[in-house]
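The values are calculated or read from the model by the stated rules, or taken from the named source; none is laboratory data. Fair warning: this is a prediction, and the values are worked out from it, not measured in the lab. All Cβ positions, even for glycine, are placed from backbone atoms using ideal geometry, and neighbour counts span all protein chains on display.
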Amino acid sequence: MPLARITCRAQVGLRAPRVDVEVHLGAGLPCFNIVGLPATEVKESKERVRAALVNSGFEFPAGRITVNLAPADLPKDGGRFDLAIAVGMLIAGGQIRPTEDLDLLEFLGELGLAGDLRAVRGALPAAAAAAAAGHRVVLPQHNAAELRWLPGVSAAIAADLLEVIAWLQGGAATPTVVLPSDLSAAEASGREAPGRETTVLLADVCGQSAGKAALEVAAAGGHSMLLVGPPGCGKSMLAERLPGLLPPPSLTEALEIAMIASLNTAVLANPATPVASGGLPRRPFRRPHHTASASAIIGGGPGASPGEITLAHHGVLFLDELPEFDRRVLEALREPLETGQVSVTRANAQADYPAGFQLIAAMNPCPCGYYGTRSARCLCKPPLIERYRSRLSGPLLDRLDLRVVLEAVGGADLAEHRRRHNRREALAAEQSTRERIAAARACQLERQGCLNARLGAPRLAATVRLARSAQRFLLTSPQIRAVSLRSQDRLLRVARSVADLREAAEIEIEDLTQALALRLAFAAAPTESFTGTS
């Protein structure tokens, strides 16, 4: 019977729904049709498959060829179906007789014209879905390293079409069966391997004690943070050091990071990335330019691709020059900051992505950058400063847990810092800080199952324990009563993180005052922020 059915996987967000590739060879005039809502790159697979079969020594079937990608209402894109179509054509035409059970196999790979197999996007989510169904997946060798973080997967890896066909027929030239190697004790325990030193240290930042303290609180509770200060005061340096303060991802987080990276074409183009090389995935640090579009930041495009907020999942998203971003982009961040999820909907595609990122933003106090500083004179008129500040809406500022004002660092302070800086002491201090942060985060996960920044209102009321003095301060402080209820909730979350850093069960008044100082340091009106002359 000139009919074959091969299993493959599509890609919809992080999901990989099953696709049955049905190949029928019929009589009639030569014709090659692919049906089942294929995108342009799927339709072009006709020419790739034709050339790959001929150059691999097989005959291209004559007559009418029909390839159906079922279900028909599921959009299909990419070159991932090439291998399944080629294998189906060879089986339907009787050119090969597999000895393997095709019902337990899934094929994924793009074919080159010479029959070589090329890497595809989303191989890791597809392999995970195949493993969940009890199937073995056949993948190009360039995707093999992605399987490291998928426990229990059974995959057949091949370099070209001939290797796949030889293996299917029980030949000697078989693809390598890949099983993920055992994680080292350091990786399994969530610790970095010995000898891997952090290249950037918090102690490298000159001065900015308030910024360093705020960064430690942000790392401990997963809080978003806004850094405001003149040019060159260390805003970017502080933001770049946050990933080094965070503990390594858990095995579950590492798998999610690897799956998201698998959807990114940059992983395929750059073999030095942690996922592509099989190394321990680190928490991502994404730094998009302020000219990036909403589709680049939030996600979108023709295939509803993931944006920067998804690529920064379980990591840090750093937005430098925050007021220079398009206002629509900034307002679109509000919902993902609250929910940790984003739904990308386009005319022909819809996908849900995780977006549990930690936002660190930086901005100047005014367009020239020197409002309120003692190091230089501000040349901006008050209406210009107000217009600059008004690019950040109140609802967005309300969702930033920490708002820290930084002062300029003088040349004498920098020279003294360089003179007294000791790398060994800095490494010891950094390790101590990281241990405190890791202990605080572990306490939060054990107590409530999430970090303090993700505490919802019901769990917040059940989790937060206030000392009597803190309760009185919370009820009587005019600064707290003047802010919104959302701000009060976020203030309590920050205070809970401050208390967790000192391993306290109750929130004391000192924790509340520190959280209040970190949260209300910057306001929208120029007269309410920054001391000094302008």
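Whether any residue in segment 112-134 is part of a loop (DSSP other than H, G, I, E, B), assigned by TED's automatic domain parsing to the domain that holds MET89, at pLDDT below 95 and more than 24 Å from the chain's Cα centre (by Cα) is what I want to check.
So in segment 112-134, the residues part of a loop (DSSP other than H, G, I, E, B) come out as 112-115, 119-122, 133-134.
Cutting the leftovers down to assigned by TED's automatic domain parsing to the domain that holds MET89 gives us 112-115, 119-122, 133-134.
Now restrict to residues that are at pLDDT below 95: 119-122, 133-134.
If we keep only those that are more than 24 Å from the chain's Cα centre (by Cα) as well, we get 133-134.
Yes; the residues of segment 112-134 include at least one that is part of a loop (DSSP other than H, G, I, E, B), assigned by TED's automatic domain parsing to the domain that holds MET89, at pLDDT below 95 and more than 24 Å from the chain's Cα centre (by Cα).
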Single condition PRO61 does not satisfy, out of (1) over 30 Å from ALA349 (Cβ atoms); (2) modelled with pLDDT of 95 or more: (2)
Helices (runs of 4 or more DSSP H) enclosed by segment 1-105 - at least 2 residues per element that are surrounded by fewer than 17 Cβ atoms within 10 Å (Cβ to Cβ): 40-43, 45-55
Residue list for segment 339-388, restricted to those being in a strand (DSSP E or B), touching a Leu at 6+ places or on another chain (Cβ under 9 Å) and without any contact (Cβ under 8 Å) to a residue 24 or more places away in the chain: none
Where a residue in segment 38-49 is touching a residue at least 24 places away in the same chain (Cβ under 8 Å) and closer than 11 Å to GLU110 by Cα and its partner, wherever it lies, is hydrophobic (A, V, I, L, M, F, W, C) and part of a loop (DSSP other than H, G, I, E, B), with Cβ under 9 Å and at least six apart: VAL42/PHE81; SER45/PHE81; ARG48/LEU113; VAL49/PHE60
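With respect to LEU69, is the statement that it is within 19 Å of GLU106 (Cβ to Cβ) and assigned by TED's automatic domain parsing to the domain that holds VAL120 true?
Numbers: within 19 Å of GLU106 (Cβ to Cβ): yes; assigned by TED's automatic domain parsing to the domain that holds VAL120: yes.
So LEU69 fits the description; yes.
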Those residues of segment 473-501 which are at pLDDT 85 or above and among the basic types (Lys, Arg), in sequence order: ARG490, ARG493, ARG496
ALA470 being in contact with a helix residue (DSSP H, G or I) (Cβ under 7 Å, 6 or more places away or on another chain) and either loosely packed, with under 12 Cβ neighbours inside 10 Å or outside the structural domain of GLN514 (by TED's automatic domain parsing) (or both): no
Residue match in segment 446-465 (condition: assigned by TED's automatic domain parsing to the domain that holds ARG496, touching a helix residue (DSSP H, G or I) at 6+ places or on another chain (Cβ under 9 Å) and at positive phi): yes
Segment 106-148 - residue that is of a type in the set (A, V, I, L, M) and surrounded by fewer than 16 Cβ atoms within 10 Å (Cβ to Cβ) and, of those, nearest to VAL49 (Cα to Cα): LEU113
Pairs, first in a loop (DSSP other than H, G, I, E, B) in segment 314-326, second among the acidic types (Asp, Glu), C-beta under 9 Å, six or more apart: HIS314/GLU253; HIS314/GLU256
